[in-house]
Structure formats: C-alpha cells, structure tokens
1. Mind checking which pairs have a first residue in region 5-22 that is over 16 Å from residue 145 (Cα atoms) and open to solvent by less than 40 Å² (accessible area, probe 1.4 Å) and a second that is modelled with pLDDT of 90 or more and in a helix (DSSP H, G or I), Cβ under 6 Å, 6 or more apart or different chains?
2. Tally time: how many residues in region 96-121 are in a strand (DSSP E or B) and under 20 Å from residue 33 (Cα atoms)?
3. Which ones in region 68-100 are of a type in the set (Asp, Glu) and under 12 Å from the mean Cα position of the chain (by Cα)?
4. Pairs needed: first member in region 84-105, under 14 Å from residue 19 (Cβ atoms); second member anywhere, among the small types (Gly, Ala, Ser) and at pLDDT 95 or above; C-beta distance under 9 Å; at least 6 residues apart or different chains.
5. Could you tell me which residue of region 88-118 is least open to solvent (accessible area, probe 1.4 Å), considering only residues that are among the charged types (D, E, K, R) and touching a strand residue (DSSP E or B) at 6+ places or on another chain (Cβ under 9 Å)?
6. I need the full set of residues from region 51-78 which are of a type outside the set (A, V, I, L, M) and surrounded by fewer than 11 Cβ atoms within 10 Å (Cβ to Cβ), in order please.
7. If you check every pair at least six apart or on different chains, which have Cβ atoms under 7 Å apart with a residue in region 140-155 that is farther than 26 Å from residue 127 by Cβ first and a residue that is in a loop (DSSP other than H, G, I, E, B) second?
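The values are calculated or read from the model by the stated rules, or taken from the named source; none is laboratory data. This one's a predicted model, so the numbers in the text were calculated from it and none came from an experiment. Glycine gets a Cβ as well: all are built from the backbone with ideal geometry, and neighbour counts include every protein chain shown. Heads up: the accessible areas ignore ligands, DNA and RNA and are worked out on the full protein's heavy atoms, side chains in. Shrake-Rupley method; radii C 1.70, N 1.55, O 1.52, S 1.80 Å.
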Amino acid sequence: MERTNYQASNCSIARPLEVFGEKWTLLIIRESFYGATRFEQFHRVLNCPRNLLSERLTKLVDEGILERAEYREPGSRARNEYRMTDKGRELAPMLLAIMQWGDRYKADPDGPPAVARHTGCGSELHVALVCARGHVVEGPDEVELVDGPGVLPAVPA
C-alpha cells in the first residue's frame, strides 16, 4: 500500500496517539487499570509534577477515557476521583500488548514485574490477533493493510 503524506494525515494510529501517546498519559491509564482513582494515588506512584498530572487527567476526562466522580472524606472538602469508562477499558488489549512486548524485550533478568492472568481460570494472558473467521495471526507477514472506507484520495503532486 503506497501512501502520500496527505493520506497519512488521516491515520487511525496517529489520532489516538494525540490522546494517549505521551508517557505520563499512558502511565496514568496503567495506574487506573491497577485501581487508582484519586489524584494522590496517581501522584504517589507516578511522582510526576502535579500540574502535569492535573492536565493529563483533564485530557483523559475530556476524551471520555476517564470520568470524574465527586467524593468527600469525613471532615474534608469535596474532591474528584477518576474512574475508567467503557471507552477507557477498551484500551486494555493495547496496554497488555505493550506490556507483553516489554516483558519480552525490556524485563529485568528476574522476569516481568507483573503477570496478567484470566480471572476465570488463572491462566496467563497473551494478546493475539484473530481474524473474523477465528484464525490466529502469527505475525506481521500475515497482515495485509488495504484501503478502508475512510481513505483519503491520493492528491497529485
């Protein structure tokens, strides 16, 4: 598939990266999957600047990946917590794919720091590509990218 710069501007990879393609944003999403919901929980683990954390949380809320919910500790002012939405939960396969790649190529000699398991049976999870007919795709050589309905027409130079 030969593409032009113009056609590449309409990209289903580039557009999501505008939302979560920055390190801190992905780490916030990771911590949300680990169960963090409160600003201080995110800050304690990530130790990123507070203003940056606030900006990234707002962006994730604006994009519908997290939602704010008010809570109040006894004797304290109302605060927001951040809960994963269905849209956010759909990022799980992507995060697990990144984790799987990291475990393979970047893990410490002792092995990965966490293992994802299926809650139903306890077996370790592995991200896989499966076609609509149920065939497991073994590698990129078995993937063909073709024009989709949203492809932009080639523009003459």
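1. 20/26
2. Qualifying residue count, region 96-121: 1.
3. The answer is 90, and nothing else.
4. 85/64; 87/64; 88/32; 88/64
5. In this case the residue turns out to be 103.
6. Scanning region 51-78 gives 51, 62, 70, 72, 73, 74, 75, 76, 77.
7. Short answer, once both residue conditions are applied: 152/10; 154/4; 155/4.
Here's the yes/no breakdown for (1) outside any helix (DSSP H, G or I); (2) at pLDDT below 95; (3) on the phi > 0 side of the Ramachandran plot:
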residue	(1), (2), (3)
45	no, no, no
56	no, no, no
59	no, no, no
69	yes, no, no
74	yes, yes, no
79	yes, yes, no
82	yes, no, no
93	no, no, no
